[in-house]
1. Take residue 227 and tell me if it is within 23 Å of residue 157 (Cβ to Cβ) and at pLDDT 95 or above.
2. How do the pairs read when you match residues in segment 62-91 that are touching a residue at least 24 places away in the same chain (Cβ under 8 Å) and assigned to a helix (DSSP H, G or I) with residues anywhere that are of a type in the set (Asp, Glu) and crowded, with 18+ Cβ neighbours inside 10 Å, using Cβ under 7 Å and keeping only pairs 6 or more apart or on different chains?
3. Suppose we filter 194, 139 for residues that are over 18 Å from residue 12 (Cα atoms) and either free of Cβ contacts under 8 Å to residues at least 40 places away in the same chain or surrounded by 20 or more Cβ atoms within 10 Å (Cβ to Cβ) (or both); which single one remains?
4. All but one of (1) touching a strand residue (DSSP E or B) at 6+ places or on another chain (Cβ under 7 Å); (2) crowded, with 17+ Cβ neighbours inside 10 Å hold for residue 72; which doesn't?
5. Within segment 209-224, track down each residue that is at pLDDT below 95 and either β-branched (Val, Ile, Thr) or not in a loop (DSSP other than H, G, I, E, B) (or both).
6. Report the residue count in segment 143-155 for those that are within 17 Å of residue 116 (Cβ to Cβ) and either among the polar types (S, T, N, Q) or open to solvent by 20 Å² or more (accessible area, probe 1.4 Å) (or both).
7. Hey, among the residues in segment 170-191 that are basic (Lys, Arg) and at pLDDT 95 or above, which one's surrounded by the most Cβ atoms within 10 Å (Cβ to Cβ)?
8. Can you tell me which of 39, 68 is farther than 22 Å from residue 165 by Cβ and at pLDDT 95 or above?
Amino acid sequence: MPPAKKRPRAYDHLRTRTAVLAQYAHVRDAVAALTPQQLDRPTRLGDWTVRDLVAHIALGLGSVSRDLALPEPPGPKPATTLLEWPPAVAAVVRDPEAPAPAADRPDLLALYGEVEAAFLADVPASGPGDRLLPTRVGSMRLTDYLVTRTVELIVHTDDLNEALGLEIPYDRQALAACTRLLADTLADRAPGGSVEVRVPPFAVVQCIGGPKHTRGTPPNVVETSPLTWIRLATGRTEWARALEEAEVSASGERADLAALLPLLR
């Protein structure tokens, strides 16, 4: 029999909303201090400049208000669950002929202000967050979609820091939600109990079929930091490189995640 799927992790709506706003504010404050020369610098995202990346971050959060303005999809269940979001996003390829994100929005600070104001007006601070949104990868619960915004914000904050040599902060709750979603995605994609993946202090999951660990020290253990895990899961770094640079520890003959990574790009 295949390993049983675990019950999906639940996220608190208010805490997630607060985390999204906090990380967005960190990016907004950094953007306000960028020079034109910094905005024109390249990033690790193909032909995107920092200006394009900065615009993309704002537009990514703006998708919440945009989707809330559309008619609610028919219920009662969403077509896309939270654990289905990463592979769904990985399947959506950016059109190379499409204009760069910053092409139509030269005033980035004005864009950031508009997106934040709309988010505050449109996303309630209370309630269960069960309202369905018609997102580009299928209908999703509002709270679940906010969790995906923590992934976008944390991953692209790291992209900005790498491109500019900055130290834009990572909100702890946003970093936790991003880390947990990507760890849970790994466990969902490769169900089992033979390998324990530890990303302290936020996540511990078991994955990969084989002899299940129940007591004592697991025979196959992978451990890394949240940012290294996020970079591995999103293809920002490679498994072999992370091992070589001692950013990941992996013990046991099954503790090799190379074939499963990245989870999304």
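1. Judged against the criteria, residue 227 is a match.
2. 82/144; 83/184; 83/188
3. From the options 194, 139, the qualifying one is 194.
4. That leaves (2) as the condition not met.
5. Hits for segment 209-224 are 214, 217.
6. Going through segment 143-155 one residue at a time, the tally reaches 2.
7. 180
8. 68
The values are calculated or read from the model by the stated rules, or taken from the named source; none is laboratory data. This one's a predicted model, so the numbers in the text were calculated from it and none came from an experiment. Virtual Cβ from ideal backbone geometry, glycine too; neighbours counted across all protein chains shown. The area values use the complete protein model at the heavy-atom level, side chains included, leaving out ligands, DNA and RNA. Shrake-Rupley method; radii C 1.70, N 1.55, O 1.52, S 1.80 Å.
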